[in-house]
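Here's the structure, in C-alpha cells; my notes come after.
The values are calculated or read from the model by the stated rules, or taken from the named source; none is laboratory data. What you are looking at is a predicted structure, and each value in this text was computed from that prediction instead of being measured. Glycine gets a Cβ as well: all are built from the backbone with ideal geometry, and neighbour counts include every protein chain shown.
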Amino acid sequence: MENPTDICGTVHDVIIIGAGPCGLAVAARLCEHTPSAIFTDKEHRRYHWIRKHSSQMAIKHKKDRSVMMLQQPRLGRKYSTLLLNATGDQWIARWNRLFKTFEITHLRSPMFIHVDPGDRDGLLAYTHDQDKERELEKIRECVGKEISNHRKKKRARSRKQQPHCEVVIDERDRKDYFTPSRTLFPEHCECIVNRYGLRRGLIRQENMQDIKYSDIENASGTDERLFTVKTNKGRHYVRTVVLAVGPGNPPAAPGLEAAPRIEGACHSMRIQRFPDPSVQAKIDAKRPTNVMVVGGGLISAQIDDLAIKHGVTKAWHIMRGLLKGILSF
Ligand SMILES: Cc1cc2nc3c(=O)[nH]c(=O)nc-3n(C[C@H](O)[C@H](O)[C@H](O)COP(=O)(O)OP(=O)(O)OC[C@H]3O[C@@H](n4cnc5c(N)ncnc54)[C@H](O)[C@@H]3O)c2cc1C
C-alpha cells in the first residue's frame, strides 16, 4: 500500500499521455455532454440540432402548467484532467515538426479524419466557415469526372473477371474525397482547443516512464485502486490513464541502436533537417549525390520524393517486400 504524494497534490480523474491529435481528440471528447455515447451520423445531427435549439424551447408541466425554459449545458472540463507530453507543453507539436520537416503540403487522410468530437463533418464545416476551400486537395481517381467512361468500362470488365475485388464508392460521399492542407488541419485543432478551453494549465512537459495499478490510501484513509504514473519529474495518481503516445517507443534502426544518429544516417523520426547539411553542401557544389531510404511505407516514399525535389542525383529505395500500394505525389 502506498501513500499519495502527487506532484500536483491531487488524485486526477484522467491523465492523457501525449498531446498529439489523438490526445487532443480524447481531451475534447471528455468535455462533451455525453463523452461515452456513440451516435450514428443521423442521430448525431439530430442530437446537435436539439442541443443547439434547446435554449429556445420550453417544457410545460402537465399538472401545474408551469413553464420551464431549457438551459443549454456548457461545454467544458468536467473531470480533473491532466495531459503529460514529453516533447513540449503545446498541442500537436510533434505533428507540426514532422509535417514541416517532410514538407508535406496535404495530409493523406480524408476530411472525416479529424479531432472534433462534436461533428463528423467538423473539419469540412470549419473549412467552409473560414472560406478555405482552396486548401482542400481532391483525392484523384476516386470519384467524379476524372474517371473517364473508357476507364469505367475497363473497371467494370475487370470486375466481372474478379467479382470479389469490387470497390464500392458512393458518389453521394463525394465531399469525403478531399484531403486538408498542412495548415488547415492544425488551425482546426486550434479551434477545438479554444472551443473546449483546453489551454490553460492542462499540458505539462513530462516524460512518462512507468505505470502501476495498485491499492493506494486516499485522503479519507480508505484504499482506492489507482494508477501511479511515474515521470521524469515525479508521480501522479489517477483513476484513468489514456495512452495517446503515437509511435511511443523510441525510434530504432538496425545497426544504429548504440547512437541515435551517426554521420549520414538516422531514423526518419529523428530527421531534423532535410537534406542533411552534408548532402546539401554536395548538391550546392553540383557534385553527384546518392541517398538511400530503407523502408516500405508511405513515409519512405515521401522521403524519396523530397530527396529528388531537393536535387539529390539518385534516391535508392530498399524494402524487404514488394511494393504494395499505388503511390501518387
Ligand atoms: C510524413 C508523415 C505523414 C503522415 N501523414 C498522415 C496523414 O495524412 N494522416 C494521418 O492520420 N496521419 C499521418 N501521419 C501520422 C501522424 O503523424 C499520426 O497519425 C498522428 O500524429 C498520430 O497522432 P497521435 O496523437 O496518435 O501521435 P503523435 O502525434 O505522435 O503524438 C504523440 C505524443 O505523445 C508524446 N509521447 C510519446 N511518448 C511519451 C511518453 N512516454 N511520455 C509523455 N509523452 C509521450 C509525444 O511527445 C507526442 O507529442 C503521418 C506521419 C508522417 C511522419
| request: Go through the residues of segment 121-139 one by one and say whether even a single one is over 25 Å from Leu198 (Cβ atoms) and within 9 Å of the ligand (Cβ to nearest atom). | output: no
| note | Among (1) in contact with a Leu (Cβ under 7 Å, 6 or more places away or on another chain); (2) under 30 Å from Glu137 (Cα atoms); (3) of a type outside the set (Val, Ile, Thr), Ala265 falls short only on (2)
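Does Gly255 meet the test of being under 16 Å from Asn85 (Cα atoms), at pLDDT below 85 and away from the ligand (no atom under 14 Å from the Cβ)?
Considered against the rule, which asks whether it is under 16 Å from Asn85 (Cα atoms), at pLDDT below 85 and away from the ligand (no atom under 14 Å from the Cβ), Gly255 comes out as no.
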| query | What tally of residues in segment 102-116 results from selecting those that are crowded, with 17+ Cβ neighbours inside 10 Å and more than 7 Å from the ligand (Cβ to nearest atom)? | reply | 6
| query | Can you find even one residue in segment 159-175 that is farther than 23 Å from Thr87 by Cβ, among the β-branched types (Val, Ile, Thr), modelled with pLDDT of 85 or more and outside any strand (DSSP E or B)? | reply | no
| task | Being under 21 Å from the mean Cα position of the chain (by Cα), part of a helix (DSSP H, G or I) and at pLDDT below 75 is the filter here, so list the residues in segment 28-54 that pass it. | result | Asp41
| request: Kindly check whether there is at least one residue in segment 291-310 that is of a type in the set (S, T, N, Q), under 28 Å from Cys142 (Cβ atoms) and within 28 Å of the chain's Cα centre (by Cα). | output: yes
| field | Residue list for segment 293-329, filter: under 18 Å from Ser268 (Cβ atoms), part of a loop (DSSP other than H, G, I, E, B) and at pLDDT 90 or above | value | His310, Val312, Met319
| remark: Selection over segment 272-305 where residues are touching an Asp or Glu at 6+ places or on another chain (Cβ under 8 Å) and of a type outside the set (A, V, I, L, M, F, W, C) yields a count of 1
| said: Take the residues in segment 211-245 that are within 16 Å of the ligand (Cβ to nearest atom) and exposed (fewer than 14 other Cβ atoms within 10 Å of the Cβ); name whichever of them is nearest to Leu30 (Cα to Cα). | reply: Lys212
| said: Suppose we keep only residues that are basic (Lys, Arg) and assigned to a loop (DSSP other than H, G, I, E, B) within segment 185-210. Which one would you say is nearest to the ligand (Cβ to nearest atom)? | reply: Arg199
| field | When residues of segment 211-262 are limited to those that are of a type in the set (A, V, I, L, M, F, W, C) and part of a loop (DSSP other than H, G, I, E, B), the one farthest from Met319 (Cα to Cα) | value | Ala219
| message | For segment 272-294, check the following and say yes or no: at least one residue is β-branched (Val, Ile, Thr) and either assigned by TED's automatic domain parsing to the domain that holds Cys22 or within 10 Å of the ligand (Cβ to nearest atom) (or both). | response | no
| For segment 1-27, how many residues meet the condition of being modelled with pLDDT under 70 and within 16 Å of the ligand (Cβ to nearest atom)? | 2
| Within segment 100-132, how many residues are under 16 Å from Cys22 (Cα atoms) and assigned to a helix (DSSP H, G or I)? | 2
